Amino acid sequence: MQEQGWDVTSLEATHGTRLSFHVWPSSRLEATRIIAPIGALYTPLAQLPQTCAPPTALPYDPVRCSSVTCSAILNPYCQVDFRSKLWVCPFCASRNHFPPHYAENISEHNLPAELIPQFTTCEYELPSIPDAGPPVFIFVVDICCHEEELAELADSLMQALNLLPEDCLVGLITFGTNVQVHELGFEGMQKNYVLRGNKEYSPGKVQELLGCGTRNAGGQVPQPPRNPGAPSVSSQQPQLGPGAEILSRFLLPVSECSLVLESTLEDLRKDPWPVPADRRPARCTGCALSVASSILDLACPHRGARVMLFTGGPCTSGPGAIVSRNKTADMRSHADLAKGAEPMHKPACEYYASLAQRQRAGGAAAKGSSSSKAKTMTTSASIHVVDIFACSLDQVGMLEMQQLVEATGGLMVLGDSFGQSVFKESLMRVFRRYPDEIPQDGGKMTMAFGASLEVLTSRECKVQGAIGPVTSLNKRAGNVSEIEVGKGGTNTWGLGGIDPGTTVAVYFEVAVPANASLPEGKRRYIQFLTKYQHSNGRTRIRSTTLCGPWHNMNAPQQQQQQTNGQPMGPDIGPIKFSFDQEAAAVLTARLAVYRSEGEDVADVMRWIDRSLIRLCNKFADYVPDDPSSFRLIPQFSLFPQFIFHLRRSQFLQLFNSSPDEAAYYRYILNRENTTNSLVMIQPTLLSYSFDGPPQPALLDSVSVQPNTILLLDTFFHVVVFHGETIAAWREAKYHEQEEHAAFRNLLEAPQSDAQMIMDSRFPVPRYIVCDQHKSEARFLMAKLNPSVSHNSEAGSGTAVFTDDVSLRVFMEHLIKLAVQE
């Protein structure tokens with residue numbers, strides 16, 4: 001196992017987890033010397049085979065450890081005494097009695113599901129928590145867009161309505177200069193309440209303005225308006241509370257309001273307020289989000305909900321504005337942000353952060369102001385999710401709103417137009433459902449709400465922090481490290497909305513002192529506990545327990561000599577062969593992106609370079625001061641290449657991207673799984689030619705040949721690139737002639753493969769078809785390793801006009817520095 005290496009991908013298939021190291025050093029000192037982060041990439045809702053988890057959620061509460069400081073859930077790694085009906089917790093070594101209904105039937109041949117050895121992941125549906133009901137969706141629509149854009153958006157929203165289960169509740173808010181809350185329960189004519197867009201609204205104020213549950217001068221609660229011709233309501237009928245009244249007027253089941261909502265969407269018109277030629281439209285995005293949040297706080301504080309914002313420009317009016325209405329004021333750039341020269345940026349960030357705090361509060365203090373709540377400690381995950389669908393050629397304020405989306409576990413989609421497939425297809429995929437053949441969950445929506453993640457560890461390791469769409473819940477347990485990485489100081493985070501692709505990076509610290517040694521055969525244990533509200537309204541807990549070995553670094557027999565003749569100390573072979581370079585690259589990338597938000601990018605680059613040099617110095621085989629002797633084993637051979645492409649990626653190189661685009665790319669990286677994250681860092685390239693079937697090609701300028709077609713997948717873009725000769729043949733229409741059927745098949749092959757890539761991805765990537773030497777070829781050329789450039793000697797490929805060093809030069813410098821004494 002140690003010499004041949006580990007099957008590093010099997011853990012992802014069986015547990016939904018990737019670890020950077022599968023064997024951990026047994027002391028804190030040695031853990032710092034392995035350079036790469038010790039961490040896990042965990043996907044809470046990963047679809048696991050039925051051989052690794054029960055096919056359905058277990059319909060009872062889990063059995064927990066009785067220790068106050070532990071509370072771990074019963075799992076296959078627990079030692080069980082069948083005679084005395086006791087089990088020993090592997091995390092704290094406490095002895096626990098089985099509940100009576102377990103003790104009566106348990107035996108070596110009759111085990112509950114959570115003790116079956118292969119079921120290290122179990123999901124429980126908690127009967128003690130009542131059903132919250134189907135989810136709620138509020139569409140918040142920007143009507144400052146052009147008429148054509150509004151028509152495309154309305155068409156997409158009507159298609160989305162057909163994808164929602166009929167019992168889901170929906171509401172509609174439109175905004176421009178003012179905010180309009182549409183009363184979908186009023187039949188016969190369209191009716192909406194208009195709220196001024198230049199102020200923030202607390203839930204209590206929204207309740208008053210919408211006439212829900214407020215008392216008149218006589219102290220009576222007024223009845224909601226009746227439709228003409230409706231029968232009178234008896235005065236003896238109990239009065240509706242504000243929440244129930246909102247549910248009867250503004251948030252209705254799809255089956256009851258689809259016709260009214262479709263009619264309203266068809267009649268959407270551009271904001272009628274006049275806009276002078278030298279000014280931007282008055283767009284009160286922040287106010288509209290505040291109103292939507294308040295309605296949810298009043299009507300369904302404990303039910304899963306999504307506020308889906310569709311915007312076509314920046315907020316220019318009211319709270320959360322990011323730019324002045326005067327067109328002479330430019331949108332903020334990276335340079336403005338670096339110099340602190342953008343006065344509206346910080347107040348906008350603080351406002352959207354306060355909205356995030358309100359979402360997490362869940363309406364507990366509905367009457368209070370959001371600014372006061374922003375100062376309180378967060379102790380619960382957000383049950384209400386905020387999504388942003390931004391389609392504009394200019395920036396819309398995604399950077400400022402990112403904290404709101406991240407804190408609630410929302411989605412981001414960035415496009416140029418509401419007519420683009422990037423938007424249309426992405427919106428449809430928000431409402432994806434599980435396949436019908438999946439037991440219990442078949443046909444249910446894959447989204448979940450109000451998720452929280454708790455990480456338990458055995459005593460030898462601690463949690464440093466997490467990076468991803470998470471918010472600290474400020475629970476400081478005994479396994480929390482003093483060293484914080486990402487969002488640290490806790491072992492519990494709020495995730496808000498999650499789906500089967502949401503992935504969180506968790507970083508660990510070895511807590512064993514350098515002078516202590518662990519017993520032979522000692523194991524480490526990690527348990528991930530994810531509590532969430534399913535789309536069917538039930539609350540569930542998923543428990544995933546990992547077990548792995550320690551490598552005792554202090555054993556005397558482990559001392560050896562390095563191949564270069566220098567004393568190395570303990571044998572690191574088992575750790576070396578357990579390395580997962582893909583997971584380590586993604587963990588490093590997330591850490592680099594997180595640091596770049598508060599540090600200068602140049603400093604982050606230097607940290608990445610130093611870490612890579614030290615890693616190669618530690619794990620490579622070489623003779624000191626002899627670069628030609630440098631060798632990396634297969635477990636490390638691709639890691640320098642990943643780091644090379646990370647340094648050139650849009651996550652760290654801000655040139656040619658706006659602050660909104662940079663925030664969008666980084667947010668997607670921080671929530672995707674290992675495979676998708678690697679595609680973002682190092683795109684994949686396929687080559688199509690007459691010489692044979694499609695072949696993986698080097699992400700290098702030498703792969704660009706006149707007689708080939710290249711298919712590039714960068715996750716955000718899928719590019720079909722035709723070589724010069726292929727493009728000329730296509731322009732001559734050879735593919736339309738019967739004798740050139742092979743050429744026609746060659747043209748069609750990459751297009752069908754590109755469609756397969758796009759069919760399974762969210763957000764849907766932009767599809768680009770381009771030819772060599774044409775303008776859109778830049779999407780491919782910018783990602784290639786510039787092995788041939790205007791600064792290098794002539795080569796067989798196309799020259800890339802860049803001052804970046806090539807991978808060959810990068811590796812030469814890396815090896816030279818790594819082998820130095």
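Overview of values
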read-out	value
Lone qualifier among Leu296, Leu309 - being out of contact with any Asp or Glu (no Cβ under 7 Å at 6 or more places or on another chain) and open to solvent by less than 10 Å² (accessible area, probe 1.4 Å)	Leu296
The one condition in (1) in a strand (DSSP E or B); (2) touching a helix residue (DSSP H, G or I) at 6+ places or on another chain (Cβ under 7 Å); (3) of a type outside the set (S, T, N, Q); (4) open to solvent by 30 Å² or more (accessible area, probe 1.4 Å) that Pro693 fails to fulfil	(2)
Exclusive hit being in contact with a strand residue (DSSP E or B) (Cβ under 8 Å, 6 or more places away or on another chain), within 30 Å of Gly442 (Cβ to Cβ) and in contact (Cβ under 8 Å) with a residue 40 or more places away in the chain, set Val63, Val8	Val63
Count of residues meeting criterion [part of a helix (DSSP H, G or I) and under 29 Å from the mean Cα position of the chain (by Cα)] in segment 697-725	0
Pair list, Cβ < 6 Å and 6+ apart or interchain, from segment 599-626 residues that are assigned to a helix (DSSP H, G or I) to residues that are surrounded by 17 or more Cβ atoms within 10 Å (Cβ to Cβ) and among the aromatic types (Phe, Trp, Tyr)	Phe619/Phe636
Qualifying position, being buried (at least 18 other Cβ atoms within 10 Å of the Cβ), touching a helix residue (DSSP H, G or I) at 6+ places or on another chain (Cβ under 9 Å) and closer than 30 Å to Lys339 by Cβ, among Leu652, Leu632, Leu685	Leu652
Residue among Val8, Val63 that is more than 20 Å from the chain's Cα centre (by Cα), farther than 23 Å from Ala451 by Cβ and open to solvent by 10 Å² or more (accessible area, probe 1.4 Å)	Val8
Residue identified as of a type in the set (A, V, I, L, M, F, W, C) and either modelled with pLDDT under 90 or open to solvent by 90 Å² or more (accessible area, probe 1.4 Å) (or both) among Val764, Val720, Val809, Val805	Val805
Residue within segment 72-80 that is assigned to a loop (DSSP other than H, G, I, E, B), touching a Leu at 6+ places or on another chain (Cβ under 9 Å), more than 24 Å from Glu460 (Cα to Cα) and open to solvent by less than 20 Å² (accessible area, probe 1.4 Å) present	no
Residue match in segment 190-205 (condition: out of contact with any helix residue (DSSP H, G or I) (no Cβ under 8 Å at 6 or more places or on another chain), modelled with pLDDT of 50 or more, assigned to a loop (DSSP other than H, G, I, E, B) and open to solvent by 30 Å² or more (accessible area, probe 1.4 Å))	yes
Residues that are open to solvent by 50 Å² or more (accessible area, probe 1.4 Å) and either aromatic (Phe, Trp, Tyr) or farther than 22 Å from Thr544 by Cα (or both), drawn from segment 85-96	Lys85
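For (1) closer than 18 Å to Leu296 by Cα; (2) among the β-branched types (Val, Ile, Thr); (3) modelled with pLDDT of 95 or more, each residue gets a yes or a no:
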residue	(1), (2), (3)
Ala365	yes, no, no
Met377	no, no, no
Ile388	yes, yes, yes
Asp394	no, no, no
Met401	no, no, yes
Val413	no, yes, yes
Gln420	no, no, no
Met428	no, no, yes
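Quick grid of which residues meet (1) within 20 Å of Arg306 (Cβ to Cβ); (2) in a loop (DSSP other than H, G, I, E, B); (3) polar (S, T, N, Q):
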| site | (1), (2), (3) |
| --- | --- |
| His101 | no, no, no |
| Pro130 | no, yes, no |
| Cys144 | no, yes, no |
| Glu148 | no, no, no |
| Ser156 | yes, no, yes |
| Leu161 | yes, no, no |
| Gly171 | yes, no, no |
| Leu184 | yes, yes, no |
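Here's the yes/no breakdown for (1) at positive phi; (2) at pLDDT below 95; (3) open to solvent by 20 Å² or more (accessible area, probe 1.4 Å):
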{"site": "Asn474", "(1), (2), (3)": "yes, yes, yes"}
{"site": "Gly488", "(1), (2), (3)": "no, yes, no"}
{"site": "Thr502", "(1), (2), (3)": "no, no, no"}
{"site": "Pro519", "(1), (2), (3)": "no, yes, yes"}
{"site": "Lys522", "(1), (2), (3)": "no, yes, yes"}
{"site": "Gln527", "(1), (2), (3)": "no, no, no"}
{"site": "Tyr532", "(1), (2), (3)": "no, no, no"}
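The values are calculated or read from the model by the stated rules, or taken from the named source; none is laboratory data. Not measured: the values here are computed from a predicted model. With ideal geometry, Cβ positions are generated from the backbone for all residues, glycine too; neighbour counts draw on all protein chains shown. All accessible areas refer to the heavy atoms of the entire protein, side chains included, with ligands and DNA or RNA removed. Shrake-Rupley method; radii C 1.70, N 1.55, O 1.52, S 1.80 Å.
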